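The values are calculated or read from the model by the stated rules, or taken from the named source; none is laboratory data. The shown structure was predicted, so the numbers you read here are calculated from the model rather than taken from an experiment. Cβ placement follows ideal geometry from the backbone for every residue including glycine, while neighbour counts extend to all protein chains displayed.
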Amino acid sequence: MGKRLIDLRSDTVTRPSSGMRKSMLAAEVGDDVLGDDPTVGELESRMAELTGKEAALYVVSGTMANLLSLVSQTRRGDEVLMDRNCHIFNYEAAGSAVIGGLQLHPFDREDGFLPLEELPAAVRPENVHHPRTSLVCVENTHNRAGGSIYPFEMMQQVYHFARENGLRVHLDGARLPNAVAETGIPFDKWSSLADSVNICFSKGLGAPVGSVLLSDRETVTRARFWRKRLGGGWRQAGILAAACLYAIEKNVERLKEDHMKAREIADFIADIPGFKLVRKPDTNIVIFQVERGTMDACTLVEKLEEKGILALAFGGNRIRMVTHLDVSFDDIEFFKENFPGT
Ligand SMILES: *Cc1c(COP(=O)(O)O)cnc(C)c1O
């Protein structure tokens, strides 16, 4: 038997299960650029129905779904409001600036939610000097803030504010399934608070590839054009879409288990002197700080790796651990027993 490996770096490390692989093997396929891959079609209609949106577009990544969404709802030179810790601002290689010619307007707030009181002043009055403010982005669950769930009422307030000011709203819901599983608030209720939504299948849902962009027909038509322009048109993508259909049927409810595992890790860490939880996890992401004098985050990551436990140093002497379907409750016990310095 190989050495036990517990990979807590991200929920993107999951491998397709045998059931998922069987569904991929059996998938009917066609040419998706020509619009006749039946499995992609099925995934897109299933997701549109689930989220209450008119149309859907299956794409290669969450980064592409976000980019397509931004460029399809703005003009070059527009300004987009978002929080400074969001994925779009930090981890998408400035695609919205390079490809979309967009200016991003970030707000500082540690918890990843938008400061409602600062929004009115951020909407630019029409004037020859100003960019046009056209879009607001929200992220749910919030990655950098530690998998936190956007409070529904707060998202409602953002949406109403946007509506009143003629702005559109994009929801980066890469991990929206985690919010759905944890709160019991269904996909369509969350999605009703945004004009466009990105949902990833390759995170906690356990599929190998893909995200879906959901919106009105017109926006999705524009996004389809942009996807082709970026070289993202694909052919027998049904093989991958089959894995996503499997994931959305089988793997949403079970995310609650991942949240329990994350809480177990968090409770354990909270009791160890020299370590401090950044916040209690809402979902499957645990972020904690290694306090000065204990050791630095990189050393801890190395020590964990010697035990076969992988985690990510996250900047600011912080460590991130993400639970997922390839980490068992038994693995969490192993983690606790082998945590350095205990
Ligand atoms: C993972 C993630 C994405 C997109 O990720 P890809 O790796 O491009 O699929 C977008 N937004 C958030 C919040 C994410 O966590």
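A few notes on this one:
- Among the residues of the range 54-100, those that are away from the ligand (no atom under 15 Å from the Cβ) and free of Cβ contacts under 8 Å to residues at least 12 places away in the same chain comprise Ala97, Val98.
- Annotation: of all residues in the range 216-233 being away from the ligand (no atom under 16 Å from the Cβ) and outside any helix (DSSP H, G or I), the one that is surrounded by the most Cβ atoms within 10 Å (Cβ to Cβ) is Gly233.
- Residues of the range 281-317 that are touching a helix residue (DSSP H, G or I) at 6+ places or on another chain (Cβ under 6 Å) and closer than 17 Å to Gly146 by Cα: Pro281, Thr283, Asn284, Val286, Phe288, Val290, Ala311, Ala313, Asn317.
- Restricting attention to the range 185-203 and to residues that are near the ligand (Cβ under 10 Å from one of its atoms) and in a loop (DSSP other than H, G, I, E, B), the residue that is surrounded by the most Cβ atoms within 10 Å (Cβ to Cβ) turns out to be Phe201.
- Some residue of the range 22-38 being within 19 Å of the chain's Cα centre (by Cα) and over 30 Å from Glu337 (Cα atoms): no
- Answer residue from the range 139-152, given it is among the polar types (S, T, N, Q) and assigned to a loop (DSSP other than H, G, I, E, B) and is farthest from Arg279 (Cα to Cα) among those: Asn140
- Selection of the range 135-152 for residues being within 12 Å of the chain's Cα centre (by Cα) and either farther than 22 Å from Ile319 by Cα or in the same structural domain as Arg263 (by TED's automatic domain parsing) (or both) yields only Val138.
Matching residues to (1) within 16 Å of the ligand (Cβ to nearest atom); (2) in a helix (DSSP H, G or I); (3) at pLDDT 95 or above:
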{"residue": "His130", "(1), (2), (3)": "no, no, yes"}
{"residue": "Ser134", "(1), (2), (3)": "no, no, yes"}
{"residue": "Cys137", "(1), (2), (3)": "yes, no, yes"}
{"residue": "Met154", "(1), (2), (3)": "no, yes, yes"}
{"residue": "Gln157", "(1), (2), (3)": "no, yes, yes"}
{"residue": "Arg163", "(1), (2), (3)": "no, yes, yes"}
{"residue": "Val169", "(1), (2), (3)": "yes, no, yes"}
{"residue": "Asn178", "(1), (2), (3)": "yes, yes, yes"}
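- Residue within the range 271-279 that is in contact (Cβ under 8 Å) with a residue 40 or more places away in the chain, of a type outside the set (Val, Ile, Thr) and surrounded by fewer than 16 Cβ atoms within 10 Å (Cβ to Cβ) present: yes
- The range 323-342 residues that are of a type in the set (Lys, Arg), paired with ones that are assigned to a helix (DSSP H, G or I) (beta carbon under 9 Å, 6 or more apart): Lys336/Glu264; Lys336/Ile265; Lys336/Phe268
- Answer from Ile239, Ile272 - the residue that is aliphatic (A, V, I, L, M) and assigned by TED's automatic domain parsing to the domain that holds Met321: Ile272
- Count of residues meeting criterion [touching an Asp or Glu at 6+ places or on another chain (Cβ under 7 Å) and more than 22 Å from Gly147 (Cβ to Cβ)] in the range 171-194: 0
- The criterion of at least 1 residues that are at pLDDT 95 or above, out of contact with any strand residue (DSSP E or B) (no Cβ under 7 Å at 6 or more places or on another chain) and charged (D, E, K, R) is met, among helices (runs of 4 or more DSSP H) falling completely within the range 1-116, by 18-25, 38-51.
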